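Here's the structure we're looking at; comments come further down.
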Amino acid sequence: MHSLSEAQSLDAADALAPLRQQFDIPAGLIYLDGNSLGVLPSSAATRVQQVVQHEWGTGLIGSWNSAGWMDLPQRVGDKIARLVGAGPGELVAADSTSVNLFKVLSAALNIQRADAPGRTRIVSERSNFPTDLYIAEALTAERGLSLVLADTPEQLPDLLDERCALLMLTHVNYRSGRMHDMAALTQAAHAAGALTMWDLAHSAGAVPVDLRGSGADFAVGCGYKFLNGGPGAPAFVWAAPRHAGRFWQPLAGWMGHAAPFEFTPGYRPAPGIRRYLCGTPPVLSLAALECGVDTVLAAEPLGGMAALRAKSLALSEAFASLVESRCADHGLARVSPREAGQRGSQASFTHPTQGYAMVQALIARGVVGDFRAPDILRFGFTPLYTRFVDVWHAVEHLVQVLERGEWQDPRFEQRAAVT
């Protein structure tokens, strides 16, 4: 993409362009942060208001039955399953990504303790999302196991040996956007006798995922990034059917009971993935999440995830190429993979000293990206609503920020709580 007119032509030919109308996007804003928080679906406010005013306000407790509140984790889960290559009844929307990760790590380690008790390691990579590493660190410390971290993705195969119980990876790296080959790494882990756990926080709704086809064992993911479920939206959890009923997950709450309203003192886990539920479903949040998931499913008649993926790659490559060609003299270095098959739905650059201030100066101009310490300028591309003209104008703003030195304004150095 070499000109604004070319960007306009690409948008005019884009079969996915009508999907942008599903969202309330502030006028004049170029939003390149859907990999952190998705844009508000137009239907969400109306739906949540309906739940509040009618289902809660009028139906009150009867809405658990009449409005289907009890079925929300499974109903929303079945919709997400269509986006990640899982089957009906295999995935539930519940809790947070961190809590779900604790559940499946515990279950996976219990399976290995039964099947291969000599395996004492969880293997991951040092650049994995910190909460994943924190949960694994706490769990391995409690059980007297160890967490072993690869410094580079290339080191992972060497760590898959007779000591490895579980390979835990985020499918798309949150900083660089590098995407692992899920099928190949799962096959390598299985060949070594290990199980796999995939974090789909930056994958679900952004790139094609085939949990069943890859042979994966467990997965968790986030509802508020590319699934557009709103801030703090419920996450999701999946267990391969061959594993789902083998062990209790550690948070044996009443919603994971086979018959919650029998109110028996002893725990009897529900069959399959339902045992991975814990407490009462957050109805308002699940209602909003369902609206977000529906915005992604709206792409199915237009080519589904394959079409979204193709546009995503075109957007991210156009952005990265323009930044490299137009900002070459300002210390920015591309860290996102150049090979399309290795890249998620983002473009990341490093700057040795001023990345945070540069992002803040861009935000002040109405171009929203984000910063990840210590040096990453990160830009996400949600093909449901991001246009090629957005990419062109975003780079133009970045050029002006850099050439005019706008990032040197002291206010852009003040660190906010969320970066």
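The values are calculated or read from the model by the stated rules, or taken from the named source; none is laboratory data. These numbers come from a predicted model, not from an experiment. Virtual Cβ from ideal backbone geometry, glycine too; neighbours counted across all protein chains shown. The area values use the complete protein model at the heavy-atom level, side chains included, leaving out ligands, DNA and RNA. Shrake-Rupley method; radii C 1.70, N 1.55, O 1.52, S 1.80 Å.
Contact order, relative form, for the stretch 1-98: 14 percent (alpha carbon pairs under 8 Å, 6 or more residues apart, mean separation divided by residue count).
If contacts are Cα pairs under 8 angstrom and at least 6 residues apart, what is the relative contact order of the chain in percent?
Relative contact order comes out at 22 percent.
Calculated accessible area for the chain comes out at 40 Å² per residue, all protein chains present (probe 1.4 Å; ligands, DNA, RNA ignored).
Connecting C-alpha atoms closer than 10 Å in a GNM of the chain, tell me which of R175, R274, R143 has the biggest fluctuation. In the Gaussian network model the winner is R143.
Can you say what percent of the DSSP beta bridges in the chain, counting only those with both residues inside, are antiparallel? Round to 5. That works out to approximately 55 percent antiparallel. Highest mean packing first, where packing is the average number of other Cβ atoms within 10 Å per residue, the peptides 328-336, 369-377 line up as 369-377, 328-336.
Here the stretch 357-415 has an Rg and Dmax of 11.8, 35 Å, counting Cα atoms alone. If you take the Cα centroid of the stretch 1-79 and the Cα centroid of the stretch 159-220, the two points sit 28 Å apart.
Helix 72-84 axis versus longest C-alpha principal axis of the chain: approximately 60°, rounded to the nearest ten. Alpha-carbon geometry of the stretch 300-362: the Rg and the Dmax are 14.0, 45 Å, given in that order. Around the Cα centre of the chain, unit charges on the Cβ atoms of Lys, Arg, Asp and Glu (plus for the first two, minus for the last two) sum to a dipole of about 740 debye. Here the stretch 39-84 was treated as a single set of alpha-carbon atoms; its pair distances binned every 10 Å from 0 give 26, 41, 30, 3 percent. Take 303-315, 230-242 and order them by the average number of nearby Cβ atoms within 10 Å per residue, most first; the result is 230-242, 303-315.
Which order, highest average first, do 13-22, 27-36 follow once you tally other Cβ atoms within 10 Å for each residue and take the mean per peptide?
The packing order, highest mean first, is 27-36, 13-22.
Relative to the longest principal axis of the Cα atoms of the chain, helix 97-115 runs at roughly 50 degrees. Normalised by the number of residues in the stretch 117-255, the average gap of Cα pairs under 8 Å and 6 or more apart makes the relative contact order 18 percent.
Once the other residues with Cβ under 15 Å from the Cβ of N65 are scored (Lys, Arg +1; Asp, Glu -1), what is the net sum?
Cβ neighbours under 15 Å give a net charge of -1.
Here the stretch 92-139 and the stretch 247-276 have alpha carbon centers that stand 20 Å from each other. Here K103 is the anchor, and the lysines within straight C-alpha reach of less than 26 Å, apart from those fewer than 8 places off in the same chain, are K79, K225.
Scaling against 2.2 N^0.38 Å puts the C-alpha radius of gyration of the stretch 65-161 at 1.33. Put the Cα centre of the stretch 288-312 next to the Cα centre of the stretch 338-376 and the gap is 25 Å. With a cut-off of 17 Å on the backbone N, the residues of the stretch 317-335 near the modelled label site 7 Å out from T353 along Cα-Cβ are 329-333. Annotation: Cα Rg of the stretch 295-419 relative to the compact-globule expectation 2.2 N^0.38 Å equals 1.09. Only one residue of Q50, V99, G85 has its Cα farthest out toward the positive end of the dipole of the stretch 16-144, where Lys and Arg carry +1 and Asp and Glu -1 on Cβ, and that residue is G85.
Quick one: pull the percent of accessible area on the stretch 109-220 belonging to carbon and sulfur, 1.4 Å probe, ligands and nucleic acids left out. Solvent-exposed carbon and sulfur of the stretch 109-220 make up 50 percent of the total. Convex hull volume per residue, computed on the Cα atoms of the stretch 158-257, equals 126 Å³.
In the chain, if the dipole is taken from +1 on Lys/Arg beta carbons and -1 on Asp/Glu beta carbons about the Cα centre, which of I363, F23, A244 is farthest to the positive end? So the residue furthest toward the plus end is A244. For the chain, the 222 nm mean residue ellipticity estimated from helices alone, with every DSSP H stretch of n ≥ 4 adding -39500 (n - 2.57) and the total spread over all residues, rounds to -11000 deg cm²/dmol. Sorted largest first, the principal axis extents computed over the alpha-carbon atoms of the stretch 1-77 equal 58, 25, 23 Å.
Report Rg(Cα)/(2.2 N^0.38 Å) for the stretch 218-331, keeping two decimals.
Cα Rg divided by the expected 2.2 N^0.38 Å: 1.54.
Give me the percent of accessible area attributable to carbon and sulfur for the stretch 274-419, probe 1.4 angstrom.
Carbon-and-sulfur percentage of accessible area, whole number: 53.
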